[in-house]
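These notes concern the structure reproduced below.
The values are calculated or read from the model by the stated rules, or taken from the named source; none is laboratory data. Not measured: the values here are computed from a predicted model. Reconstructed Cβ throughout: ideal geometry from the backbone, glycine too, with neighbour counts over all protein chains shown. Surface areas here come from the heavy atoms of the whole protein model, side chains and all, with no ligands, DNA or RNA. Shrake-Rupley method; radii C 1.70, N 1.55, O 1.52, S 1.80 Å.
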Amino acid sequence: VQLQASGGGLVQPGGSLRLSCAASGSIFGLNVMGWYRQAPGKQRELVAVIHSGFGTNYANSVKGRFTISTDSAKNTVSLQMNSLKPEGTAVYYCKFGSAWGEDYWGKGTLVTVSS
């Protein structure tokens, strides 16, 4: 199974982008879908995640501005990013996880927030 992320690009501060990630096939026991990001020179960090039955979790830095959503029937996860800030510049990765401990990562999509 491969994950394909899309939707990255260049946006001005205060602007919006929507990222999407789709799996090429079904993942047995899929129970978590999320987004991470890695800024230049920094470690990869959690942005937002949805756990089946446990709801959503967001990084404090994006609460109120980003919204994660899923379409389980299509094995897709999206991230609506509003009021983007320059510090949001990073490569954004989607991750799917199964109840059996298997993790699947997308290759990443670059988001650049700059005027």
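Brief remarks follow.
Yes/no per residue for (1) closer than 21 Å to PHE28 by Cα; (2) not polar (S, T, N, Q):
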site: GLY41; (1), (2): no, yes
site: LEU46; (1), (2): no, yes
site: SER61; (1), (2): no, no
site: THR70; (1), (2): yes, no
site: LYS74; (1), (2): yes, yes
site: GLN80; (1), (2): no, no
site: LYS85; (1), (2): no, yes
site: GLY88; (1), (2): no, yes
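- Here is the figure for region 39-68: residues that are touching a residue at least 12 places away in the same chain (Cβ under 8 Å) and either of a type in the set (A, V, I, L, M, F, W, C) or closer than 16 Å to LEU3 by Cβ (or both) total 11.
- For region 28-82, residues that are in a loop (DSSP other than H, G, I, E, B) and either under 14 Å from the mean Cα position of the chain (by Cα) or surrounded by 11 or more Cβ atoms within 10 Å (Cβ to Cβ) (or both) total 11.
- Note on region 83-106: among residues that are at pLDDT below 95 and out of contact with any strand residue (DSSP E or B) (no Cβ under 7 Å at 6 or more places or on another chain), the one that is surrounded by the fewest Cβ atoms within 10 Å (Cβ to Cβ) is GLY101.
- Residue check for LYS107: more than 17 Å from HIS51 (Cβ to Cβ), basic (Lys, Arg) and part of a loop (DSSP other than H, G, I, E, B): yes
- One residue stands out in region 1-16 among those that are assigned to a strand (DSSP E or B) and open to solvent by less than 30 Å² (accessible area, probe 1.4 Å): the one that is nearest to VAL111 (Cα to Cα), namely GLY9.
- Of all residues making up region 17-27, the number that are within 15 Å of the chain's Cα centre (by Cα) and either of a type in the set (D, E, K, R) or open to solvent by 50 Å² or more (accessible area, probe 1.4 Å) (or both): 1
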